[in-house]
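A short write-up of the structure that comes next.
The values are calculated or read from the model by the stated rules, or taken from the named source; none is laboratory data. Everything quoted here is computed from the prediction, not taken from an experiment. All Cβ positions, even for glycine, are placed from backbone atoms using ideal geometry, and neighbour counts span all protein chains on display.
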Amino acid sequence: MLKQLIIFALVIIGVLTQISIVNTMPFLEHINIVLLFLIYLVLLKNPFVVLFAFVSGYLLDIYSSATFGLNIMAYTIVAFILIFIYLNFFSSSRIIPIIMAFISISLYYFLVNLAILTLSFLKIIPKIEIWSQAIFINILLEILCTTIFIATIYIVGAFLKKRFSNIFIKGSFIKN
Amino acid sequence: MLQIKSKTIIITVAVFVLLIFLNFLKVLETPKQMIFSIFAPIQAQLYDTGSKISKYFDSERATANNSELELLKAQVRSLLIQNAKFKILGEENKILKKELGFTKEHSFTTVSARVIGADSLRNSTLLILQIEDINYNTDDLKLDMPVIVEDGILVGKIIKINEREIFMAPITASRSAVAATVLGNNYTIGVAEGESSLAIKMGMIPKTEKIKQGELVVTSGLEENMPKGLLLGTVSRVDQDPQSPFNIAYVTPLYDVKRLGEVLIIKSY
């Protein structure tokens, strides 16, 4: 139960920061916080990755001008594909966070744009511009910034883990 | 343990389809509004904090001269608003002199709102507004109503209304378009459209119109809900292509849409 509560807290923090505080800051505006959490949950082998993606998508859809369900669909599919890739191809790779950041952002934009294109073709929603130089630059910046951010946290995390585990081992030796 | 079970996929798809169906039947409106109302104050606070942090970093970077420059820019903005109003009043005065007994006042009926966040769709530039008066009924708000700041600078248009959640397209957004003219003209000379979410591009300007750098671009009032004389920005560059029958003017907006806090929605004028 506690684990599920933590996941819901992460969803709320991720979504609210993504649509408010992060959007006003120069570097952080290009970081997809929800995808960032999603990647870390996959790396931590958390069993609630899909639940996180689904609920985040639902909350994001409440704050979206687009058709309801677009974010749920995009984030849930990204979660499934990230789990599949992690379990089958790159689980032992050191550059897995970078690969995951690249795949997840590219996939997210591909799915959202494909859905918008299909819905506007079926005349369910009005035509929305999905491809321009500015959008392309934004996607590239998001891939770059999120990857840098993820890689930095991953390296710092790995370093701290190594350092603290050394201290723990030394401590246990002293005790012995 | 992290793994993909076929049961998980089936349940996820089933819940997704059920949610779409319930949303179609409008059953989800109440929980959506509840979630929005619960998180709106936190969100507004977060957005405000983000803007303040951003402004702090901007001011840290700026030197004393820059802060003086900011003050002067604010003064210029205020003077431009006054100038626009005087020119419009002058024009009105002329008309009034012609049509005796006819009076028309350019005072707006507005509703105050605040920006509480951005559209969650990543490549969208829309902003989410919330009406400050919690008892206000949003039924009398319509699509395409203009959103202004500082008593006359146009910053966007309403493009979607979901009960208490209002989506605004900034004037710099690619989907935004407004009939415009330069200050002093009485007719529309072009269409001001958003350019890469940063600037405004005014197209469809006939070759006969002579626009100079630094001139003030305002709304022409051609559209239904759009009053005449709302400031858009200043002309930074004019492109004259001999092959094209129209000129293009690039307009620098007077307000940074990323720093928006309090705004006013013009209901009637």
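Some points to look at:
- Boolean, A:I103 is away from chain B (no Cβ under 11 Å), under 14 Å from the mean Cα position of the chain (by Cα), crowded, with 17+ Cβ neighbours inside 10 Å and within 25 Å of A:I155 (Cα to Cα): yes
- Residues (part of a loop (DSSP other than H, G, I, E, B) and under 13 Å from B:I171 (Cα atoms)) located in segment B:227-244: B:L230
- Qualifying residues in segment B:119-165 (those that are away from chain A (no Cβ under 14 Å) and hydroxyl-bearing (S, T, Y)) - the one nearest to A:A134 (Cα to Cα): B:T138
- Residues satisfying the stated conditions in segment B:117-159, i.e. closer than 26 Å to B:G229 by Cα, modelled with pLDDT under 85 and of a type in the set (G, A, S): B:G152
- Listed conditions (1) over 27 Å from B:P242 (Cβ atoms); (2) surrounded by 15 or more Cβ atoms within 10 Å (Cβ to Cβ); (3) away from every other protein chain (no Cβ under 12 Å); (4) in contact with a strand residue (DSSP E or B) (Cβ under 8 Å, 6 or more places away or on another chain) are all met by B:L222, apart from (2).
- Single unsatisfied condition, B:R175 versus (1) within 14 Å of chain A (Cβ to nearest Cβ); (2) without any contact (Cβ under 8 Å) to a residue 40 or more places away in the chain; (3) buried (at least 19 other Cβ atoms within 10 Å of the Cβ); (4) of a type outside the set (S, T, Y): (3)
- Test: residue in segment B:204-225 that is within 12 Å of the chain's Cα centre (by Cα) and either free of Cβ contacts under 8 Å to residues at least 60 places away in the same chain or outside the structural domain of B:E150 (by TED's automatic domain parsing) (or both): no
- Among the residues making up segment B:1-27, a single one is among the basic types (K, R) and either assigned to a helix (DSSP H, G or I) or in contact with a strand residue (DSSP E or B) (Cβ under 6 Å, 6 or more places away or on another chain) (or both): B:K7.
- Test: residue in segment B:245-259 that is charged (D, E, K, R), in contact with a Ser or Thr (Cβ under 7 Å, 6 or more places away or on another chain) and either in a strand (DSSP E or B) or at pLDDT 85 or above (or both): no
- Boolean, B:A14 is more than 7 Å from chain A (Cβ to nearest Cβ) and surrounded by fewer than 16 Cβ atoms within 10 Å (Cβ to Cβ): yes
- For B:I53, the conditions (1) facing chain A (nearest Cβ under 8 Å); (2) out of contact with any helix residue (DSSP H, G or I) (no Cβ under 6 Å at 6 or more places or on another chain); (3) surrounded by 13 or more Cβ atoms within 10 Å (Cβ to Cβ); (4) under 20 Å from A:T76 (Cα atoms) all hold with the exception of (4).
- Checking B:G194 against (1) within 14 Å of chain A (Cβ to nearest Cβ); (2) within 20 Å of B:Q130 (Cα to Cα); (3) modelled with pLDDT of 85 or more, the condition it does not meet: (2)
For (1) modelled with pLDDT of 80 or more; (2) not in a helix (DSSP H, G or I); (3) not hydroxyl-bearing (S, T, Y), each residue gets a yes or a no:
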site: A:F110; (1), (2), (3): yes, no, yes
site: A:I124; (1), (2), (3): no, yes, yes
site: A:E129; (1), (2), (3): no, yes, yes
site: A:I148; (1), (2), (3): yes, no, yes
site: A:N166; (1), (2), (3): no, no, yes
site: A:K170; (1), (2), (3): no, no, yes
